[in-house]
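Report on the following structure.
What follows is calculated from the coordinates using simple rules that are stated; it is not laboratory data. On a predicted model such as this, the values are computed, not experimentally measured, just so you know. Heads up, the Cβs are rebuilt from the backbone with ideal geometry, glycines too, and the neighbour counts pull from every protein chain shown.
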């Protein structure tokens, strides 16, 4: 606990003369009734009022102390600090087209990609990581952040039927997805800026070609690691029919040539993930990327904590008034 106006705490020193005054006053006070001999009262039991006679003064001093503490504004806060950590800026660009529902990876390509990417994010707590999704168009699901809990929550909200629901145009706009991720990294001050682009198809939508986007990434010093996800040959794809879900085998058509060129232009690497384990290995390899120092300033929000002290002061004043007008009431 800290105090915003700690100089008010010096007012507590005023309690010392108040206590001294009270003690001196009690020692010099004259008895209300003078007796020539008090031996007759020597063995008379004391009333509980004798033990409470100083309590009102104690309660008043406690109340004054609490009011002084309130004036000093007690607050709870975390420490503010600047720290230097190791990390890089990473944007994940993930294909969410309907073809990502193919089940050559388990339970399907998109869910497998989400699971492995979540492990990757959890393993890099010091990195700024963001998320871009694309199909026939692209948008940012989460900007660069070190709050990975928020990122993972938004990541888990991605589903393979977004295009079916009309939330995003279906198709595969690799160039648009890459360009969107670039806009989030181009102003970054980190020495190492990386895009991890995952797709299962070839570019067939969008106004920006993948290679043009790769050249733009190169101009901003951004490395692009591309991942083609899907088995070789055909993959089982679920189709909704009146008889329920039926599976058909669809050919796996990944434009490996374009993905390889994108990674080559930007000094990255191209990987092919044909299974869940292979996809995990790819992310583990990318995890060995170069790190660079980041300055992080931690902010904390201060909360006023006067309520407890105000309650104590109120109860002390109330108790004193009750004592003085009941059991300790004086008759003039």
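Restricting to segment 82-297, what percent of DSSP beta bridges are antiparallel, rounded to 5? Roughly 45 percent of the DSSP beta bridges within segment 82-297 come out antiparallel.
Spherically averaged projected area of the convex hull of Cα atoms, segment 82-297: 11.3 nm².
Does anything in segment 301-321 have its amide N under 18 Å from the 7 Å Cα→Cβ label point of residue 54, and if so which residues? Those under the cut-off are 320. Look at the Cα gyration tensor of segment 207-246: its axes a ≥ b ≥ c give a/c of at least 1.5 with a/b over b/c, and that counts as prolate. Seen through its C-alpha gyration tensor, with square-root eigenvalues sorted a ≥ b ≥ c, segment 129-179 comes out oblate because a/c lies at 1.5 or above while a/b is not bigger than b/c. Counted by neighbouring Cβ atoms within 10 Å, the residues 155, 220, 309, 10 run from fewest to most as 10, 220, 309, 155. The separation of segment 98-142 from segment 168-242, counted between C-alpha centres, amounts to 12 Å. Relative contact order of segment 123-259: 20 percent, from C-alpha pairs under 8 Å at least 6 residues apart in sequence.
Shape of segment 188-230 from the C-alpha gyration tensor: oblate (a/c of 1.5 or more and a/b not above b/c, with a ≥ b ≥ c the square roots of its eigenvalues). If R0 is taken as 45 Å, the Cβ-Cβ distance between residue 257 and residue 126 corresponds to a FRET efficiency of 0.80.
Order these by the 10 Å Cβ neighbour count, fewest first: 314, 120, 134.
On the way: 314 12, 120 20, 134 29.
In increasing order of surrounding Cβ atoms, one gets 314, 120, 134.
The stretch between residue 303 and residue 167, if pulled fully straight at 0.36 nm per residue, gains 44.9 nm over its current Cα-Cα span.
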